[in-house]
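Everything below concerns the one structure shown next.
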Amino acid sequence: MSKYTIDQFISQTKQDESENDYFELETPRMLEVNLDGQVWAKAGSMISYNGNIKFEREGILEHGLGKMFKKAFSGEGSSLMKANGNGKLYLADEGKKIIIFQLQNESITVNGNDLLAFEPGVNWDIKLMKKIAGMMSGGLFNVTLEGRGMVAITCHYEPLTLMVTPDQPVITDPHATVAWSGHLEPEFQTDVTLKSFFGRGSGESIQMKFSGEGFVIVQPFEEVYYSQSNG
């Protein structure tokens, strides 16, 4: 159906008041947080809210000097905001598809740009891709989250999960890699043949190799980030 009366459109798109879990998918690309306390979210991801909610940027020393230095080195800056209060909060990120995970004493590592929100009780740490810092522009950090609680991540279009086994490593394009098992530590390798084939030096020659046992989530999209100095 491509034409609606106003009442029909409202009926099909209005928020669902019956959903009251902490994290809910209001639509495939919009996250509803039924807030009663605090949540960490990607800065700039707030679309709408109702109730009594206050927002503040992550403090420079809020998570300790170690994380501050990592973030400064990675160029991430203050990419998190804290929402406090009671009400409904709606988050989105450039129309990307949203996936909610309920961690149960598990860990997952997420590309820093694909982390949308997480419960304050979830432990997190920044991991830097030091080996390729000089090869790619931006998007060079990951966030490992572990413990118990909800985590929302984003991806372009439909995700695909690739299983990593001891006899079958998985190799991916860093720009298309969204998340992976928290205990996996990818190695980085270059492929001169691919670089010359594509004729671009922006990343096709750089690959992430996952070995061991676990999973890798990829998206059908190369998400290239640029540092502020590059515009």
Query - All positions within region 6-37 that are closer than 17 Å to Q102 by Cα and open to solvent by 80 Å² or more (accessible area, probe 1.4 Å) - result: N20, D21
Requested in this report: Kindly check whether there is at least one residue in region 51-74 that is open to solvent by 50 Å² or more (accessible area, probe 1.4 Å), among the aliphatic types (A, V, I, L, M), closer than 21 Å to Q15 by Cβ and at pLDDT 95 or above.
Outcome: no
Report task. Could you tell me whether region 159-180 includes any residue that is closer than 30 Å to D21 by Cα, in contact with a helix residue (DSSP H, G or I) (Cβ under 8 Å, 6 or more places away or on another chain) and hydrophobic (A, V, I, L, M, F, W, C)? Result -> yes
**Report entry** Residue in region 88-99 that is over 13 Å from L31 (Cβ atoms) and either in a strand (DSSP E or B) or at pLDDT below 80 (or both) present
**Finding:** no
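Would you check if S227 is among the hydroxyl-bearing types (S, T, Y), under 18 Å from L115 (Cα atoms), at pLDDT below 85 and open to solvent by less than 80 Å² (accessible area, probe 1.4 Å)? Working first, answer last.
Details: among the hydroxyl-bearing types (S, T, Y): yes; under 18 Å from L115 (Cα atoms): yes; at pLDDT below 85: yes; open to solvent by less than 80 Å² (accessible area, probe 1.4 Å): yes.
So S227 fits the description; yes.
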Query raised in the report: For region 149-169, does any single residue satisfy the condition of being open to solvent by less than 10 Å² (accessible area, probe 1.4 Å) and either over 16 Å from the mean Cα position of the chain (by Cα) or charged (D, E, K, R) (or both)?
Result: yes
Query - Residue, modelled with the highest pLDDT, within region 187-208, restricted to residues that are open to solvent by 60 Å² or more (accessible area, probe 1.4 Å) and charged (D, E, K, R) - result: E187
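The values are calculated or read from the model by the stated rules, or taken from the named source; none is laboratory data. Model, not experiment: these values are computed from the prediction. All Cβ positions, glycine included, derive from the backbone under ideal geometry; neighbour counts span all protein chains shown. Heavy atoms of the whole protein, side chains included, go into the accessibility calculation; ligands, DNA and RNA do not. Shrake-Rupley method; radii C 1.70, N 1.55, O 1.52, S 1.80 Å.
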